[in-house]
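As structure tokens, the structure follows; a few thoughts come after it.
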Amino acid sequence: MNGNCSSPRTSAVRVPWRSGGRVVGSPSAHGRRSARRSRAHRPRARGTHHLGGPRTTAVATPIMGRLGDLHGKRRMLILSLAVMVAGALVSALTSDLLPMIAGRALQCCAMSAIPLGIGLMHDTLPREKLGSAMALMGSSMGVGGSLAPPAAALVAQHADWHALFYGAAGLGVLCTALTLLVVPESPIRAQGTFDVLGAIGLAAGLVLFLLPISKGGDWGWTSGTTLGLFAAAAVVLVLWGVLELRLKAPLVDLRTTARPAVLFSNLASIMVGVSFLVVSLVLPQLLQLPKATGHGLGQSMVVAGLLLAPLGLTMMFTAPVYARLSAKYGPKATLILGMVIIAIGYGAGVGLMSAPWQSLVITVILGTGIGLAYSSLPALIVGAVPASETGAASGLNTLMRSIGASVSSAVIGMVLADTTHHVNGVAVPSMQGFRVSFLIAVGAMAIGLLFALFLPRAARLTASGDDRLTAPSADAVRARAICKRSRAHSLPQMGRAPGPGREGAAARCC
């Protein structure tokens, strides 16, 4: 089970079943079925979008980010983890479809932990630690999505699949306990109230937009249902935007979002999300396809997962490298460098699909590039918004990645389905489809690079983050509180020379 709710848990198309080295059928989501109808031979895009994952993630992240800005990011982080644990237990205790859908949707609320965690780090960590910490948190979505498949494959092959959900619940409880024990609450709060109408409007618009993206391949991209939902999404989101612009405390500050640093960072995030999911959709299928297909590499599910694990490991180890590069050249430069490396990885990957070891080369190159890109985006966002809006802004940026992943899943699924060929009467994805998918990722990076070039030049970061917008230290926050109390209780005292200690600091802050 993939920990990333914006990417599929399974391959984009069905991997033919192997028996004695021959292609004999295709397993479905509910068991191995023989292909009795020609339509059953046609690969279909599959993933957690059928279980509500991306839609839940898309709706939850900006809402929880805003609630964190208003009521405390640590508090909302704990709430997100608690909802995830509840969802995992629901899925673990059932084998029925509808409760499973509900449980998976609740689990994906945990994706809010990423923007909330970034906001907490920005508000509480000292500057010398902020850069590498935010980089690791920013890339954690990709790290988890890369390291989870081999572990899940191992469990699925040797135990009941319900154990995966019990394991997820256990990890959620552990994370909640650690958060309660060692993570302080942010001292920074946004002013205003929660925009309930804006949350409803955003949720409706996102569901109307993401539903046809995930189901368009089944319904037909030019069908009335698909086009009608896209049109409805456009209308709802435009009306939502008008509403947000009129409110004093909107769910998403669209004026801030329209700043070039935020706008082009979010647009680049969509392209990075598109490119990240391509490797997760293509390489598992290529590795697991039987050798009888002529281009499959015939690896087991566990081996395929292990060959993909370096993608996440490389992303994790890239975080300290990013901190040094960003301190010297700025997050814009590291984002551009990361995108160039991603494009090189996919371009080289077009010719590296003939042996399992070549997958390691691809994943290491892509992990380096994606790690740099994912690490750069949080710094660009929090460096361009007020400290009281980091949760909502980071949540919106995570939403952009999820939208990119959803679009990628639909497009790559369609490409692989339209380029299949038949082996022993079974439709299997072709090498042409895999290579076209990699070229689409290269194109996405070319567009992303264009967006990144429009980013304004930002102040160079220290090893920790943005000097201009780094949140004040705990002492500074306490000093400002003392200053406010002094003003309220004894205005004449403000004219005296500041004394030593925190009172002196308070006077200087004032």
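A few comments on the model shown:
- Test set (1) touching a residue at least 24 places away in the same chain (Cβ under 8 Å); (2) over 18 Å from the mean Cα position of the chain (by Cα) - G87 fails condition number: (1)
- Test: residue in the range 180-190 that is part of a helix (DSSP H, G or I) and modelled with pLDDT under 85: no
- Matching residues in the range 82-99 - criterion: being surrounded by fewer than 24 Cβ atoms within 10 Å (Cβ to Cβ), in a helix (DSSP H, G or I) and modelled with pLDDT of 90 or more: A82, V83, V85, A86, L89, V90, A92
- The condition (being surrounded by 17 or more Cβ atoms within 10 Å (Cβ to Cβ) and either among the aliphatic types (A, V, I, L, M) or modelled with pLDDT of 95 or more (or both)) is satisfied by just one residue among L439, L453, L461: L461.
- Applying a threshold of 7 Å to beta carbon distances and a minimum spacing of six or more residues, or different chains, the list of pairs starting in the range 180-194 at a residue that is under 15 Å from E389 (Cβ atoms) and ending at one that is in a loop (DSSP other than H, G, I, E, B) and charged (D, E, K, R) reads G192/K248.
- Residue satisfying all of: in the range 326-353; touching a Leu at 6+ places or on another chain (Cβ under 8 Å) and of a type in the set (S, T, Y); surrounded by the most Cβ atoms within 10 Å (Cβ to Cβ) among these: S326
The values are calculated or read from the model by the stated rules, or taken from the named source; none is laboratory data. The structure presented is a predicted model; accordingly, all values stated were derived computationally and were not measured. Neighbour counts are summed over all protein chains in view; Cβ atoms, including those assigned to glycine, are modelled from backbone coordinates with ideal geometry.
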